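What follows is one structure encoded as structure tokens, with my remarks underneath.
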Amino acid sequence: MIDIIVGHYNYWVVIFLMMAGFYTVIDRGNLIKKIAGLSIFQTSVFLLYISIGYVSDGTTPIIAEGFTRYSNPLPHVLILTAIVVGVSTTALGLALIVRINEAYGTIEEDEIHEQDKSL
Amino acid sequence: MKHNLILRVIAKYLFPVIALFAFYVQFHGDYGPGGGFQAGVILSVAFILYTLVFGLDTAEQVLSPGVLRILACTGVLLYAGTGVVTMLFGGNFLDYDLLALNPIEGQHIGIMLIELGVGVTVSAIMLVIFFAFAGRERS
Amino acid sequence: MIEQNLSLLLVVIPLLAAPVTAMLPAGRLPWLLTLIVSWTCLVIAGWQLSVVIDGSVISYELGGWAPPWGIEYRIDAMNAFVALILSGIAAITLPYALRTVEKDIPRHQTSLFYAVFLLCLVGLLGIAQTGDVFNLFVFLEISSLSSYVLIAMGEQRRALTSAFQYLIMGTIGATFLLIGIGLVYAETGTLNMVDLNLRLQPILDHRTVHTGFAFIVVGIALKLALFPLHLWLPNAYKYAPSVVSVFLAATATKVAVYIMLRMVFGVFSNDFVRITPTDQMFLLLGIFGVILASVTAIYQTDVKRLLAYSSVAQVSYMVLGMGLASVLGITATLVHVFNHALIKGALFMACGALVYRVGSSQFENLNGLGRQMPWTFSAIFIAGLSLIGIPGTAGFISKWYFMLAALEQQSWLIALVILLGSLLAVVYMWKIVEVMFLRPASDNVASVKEAPVSLLIPMWVLVIANIYFGFYTELTVNVADSAARLLGVAAYHE
């Protein structure tokens, strides 16, 4: 039992971050908080990939004398790409929020709906 | 921040150090950890620091949005162009082996060009994003 | 040298053209370059399909790294078919774009607009070409990010909120897909689709594989606007600039259908669909989607929103086809992907022509417009017949195959749903006809002229294609059939 909790602590962190981020995206009405939640949600997936790539007692995957076990570099590369995607998404989301704020004068979702309905 | 002497002096000294580190990460990327993406972000950090201390107008005199757009596009073209050149040499897309007589040397040249393209684009895009947000008038 | 690289050039040419377009001065030059690129892509896609139509496979190793280690582009009949649809729609949309973009997009943004359009095309074509699941994720995000930008370029401020909502939903979907890919990678250690398929077969009962599958399906379902995850779609289509509505309505969800087919049947397998309740789930969601989305469409008071809900219903048909999980079912799905792209392309083009002349797609502004714009109106009428599935139109062929697939398995309920969906389509298309033709013209309409020729020609090309592919079914049905068989789907027998 202890083994499951302690031995997989990285996965517990992943699950916690994933749920926290996902909950924030769904529950919060503030658009900035939504984007923040989305970033946390994506970050948890990065951590998941890095965990998958870990090899016990492995070092950084750079060839050097005296080391024979390396972590799997492929998930690192994949996640570098996914980070770029995440950065672009966040930047685009924030840019949209700036434009929304200019058009509506608010970034609260319920107030935006209120304004759209009154039209 | 224009009147804060300490910040101005420190920023002036930090700028070349950050930029130098960026170039180290860029050109050492094929031997050790590093590469175009990290280097591009670090280089853009140097300019962002400069902008924060000296103001947007001064920064845009150095790098205007028009230049940044061209730089961002050039990086992508350099990346894809390298791939096209390898195709012209009769190989597959991004098959670096054919870039030199010796495949190992070819791999070196190829990864160098690719990472340079990535570095140029990433630093330009980060600055475009920063300038776009910073330059937006408050409504 | 050129020929061996053509499959890759299909993705690389628009990729190279996008930054060049962004650097061009605003005006007609960016449009011209985009037009040339999309027609080049169409030629390459046509050539590609002619090579693989006999069931052969083109394999292309990026960077000379052999699969499964390197990224492989693997083109069989289905990939080539989807790539042909995508580049065909892009090629036909661009002549239409010239006038509408001049009206919808500020002049200084035109070069950036076309650059983003090309990036969207890169993403969609990349999805169709690649044989690597992670590469697929990256291309999916390229196309999605650029479509958020394209939608946000709409004139009204609600375009911004619609794009934001789509961004949230789309990113959640893509991240789910990423989680699923990660879990499957953890189990198999490979990302190549063919290799994944081989390595997954012995471990189909592992819990990690099941969890990964669930994440992948839900993630794609968000992009697919599968009922009940479709809520982002109507607003996104309504508030986008006309040409973007046309392009996305005809391509974005179709590509998602392709991804779903490829992942569920190509990467996992037909067996997996049968041992898990995946097929029942698809059938259930498809049935609800066809009926509820069609009923919602009837209550809309805006042509664009009505067509968007109709798109959700039509996508549900494709999901029904997947749920049947037989050669006939998948064939029907693929045929419908093609035909629906023709139908919705024509309808959204007509809708864009209305917006071009009247400035709105609300019913109250369109009263009696059919007599002022006879060509646009008849395009809506014929494409509407095709949507309903009247014999002699392309829509009939796909409905016919759905019917065959349902009857083959004696699923009377599904056959009934397909008929009901068509009847509901009659109702909502009739609403448009009634507003535009039977109601007396209101004052604002009297001076409206027919849409410009540059809008009418692409629209009518698609309308004529709707009729042509209603009689000439060899291409669509043969390709779809051979694609379904290559996917490893067995014919239904019990």
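The values are calculated or read from the model by the stated rules, or taken from the named source; none is laboratory data. The structure presented is a predicted model; accordingly, all values stated were derived computationally and were not measured. No Cβ is skipped: glycine too gets one built from the backbone with ideal geometry, and neighbour counts run over all protein chains shown.
Being outside any helix (DSSP H, G or I), closer than 30 Å to C:F164 by Cβ, at pLDDT 90 or above and not acidic (D, E) is a condition met by at least one residue of region A:30-41. Can you work out which of the residues in region A:70-119 that are out of contact with any helix residue (DSSP H, G or I) (no Cβ under 7 Å at 6 or more places or on another chain) and touching a residue at least 24 places away in the same chain (Cβ under 8 Å) is surrounded by the most Cβ atoms within 10 Å (Cβ to Cβ)? By that ranking, first place goes to A:E108. All conditions in (1) part of a helix (DSSP H, G or I); (2) crowded, with 17+ Cβ neighbours inside 10 Å hold for C:N367, with the sole exception of (1).
Every residue in region A:11-42 that is more than 10 Å from chain C (Cβ to nearest Cβ) and in contact (Cβ under 8 Å) with a residue 40 or more places away in the chain, please. The answer is A:Y11, A:G29, A:N30, A:I32. Residue under question is A:E65, and the condition is that it be more than 9 Å from chain C (Cβ to nearest Cβ) and touching a residue at least 40 places away in the same chain (Cβ under 8 Å); does it hold? It is false that A:E65 is more than 9 Å from chain C (Cβ to nearest Cβ) and touching a residue at least 40 places away in the same chain (Cβ under 8 Å). For the structure I just gave you, tell me whether B:L94 is modelled with pLDDT under 85 and part of a helix (DSSP H, G or I). Spelling it out, it is not the case that B:L94 is modelled with pLDDT under 85 and part of a helix (DSSP H, G or I). Of all the residues in region C:400-428, those that are in a helix (DSSP H, G or I) and without any contact (Cβ under 8 Å) to a residue 60 or more places away in the chain number 10.
On the stretch given as region B:86-139, residues that are within 12 Å of chain C (Cβ to nearest Cβ) and either over 22 Å from B:V45 (Cα atoms) or hydroxyl-bearing (S, T, Y) (or both) total 20.
For region A:105-119, filtered to residues that are more than 7 Å from every other protein chain (Cβ to nearest Cβ) and part of a helix (DSSP H, G or I), the residue that is farthest from C:I179 (Cα to Cα) is A:S118.
Residue count for region C:162-208 under the criterion of being assigned to a helix (DSSP H, G or I), within 14 Å of another protein chain (Cβ to nearest Cβ), of a type in the set (V, I, T) and more than 30 Å from C:P234 (Cβ to Cβ): the result is 3. There is no residue in region A:73-95 that is over 17 Å from the mean Cα position of the chain (by Cα), at pLDDT below 95 and hydroxyl-bearing (S, T, Y). So for region C:49-71 (the condition being outside any strand (DSSP E or B), closer than 21 Å to C:T251 by Cα and within 20 Å of the chain's Cα centre (by Cα)), does at least one residue qualify? Looking for residues that are outside any strand (DSSP E or B), closer than 21 Å to C:T251 by Cα and within 20 Å of the chain's Cα centre (by Cα), one finds at least one in region C:49-71, hence yes. Against the conditions (1) outside any helix (DSSP H, G or I); (2) surrounded by 15 or more Cβ atoms within 10 Å (Cβ to Cβ); (3) at negative phi, B:P33 satisfies every one except (2). Flag not set for C:E155, criterion: in a helix (DSSP H, G or I) and either surrounded by fewer than 22 Cβ atoms within 10 Å (Cβ to Cβ) or modelled with pLDDT of 95 or more (or both).
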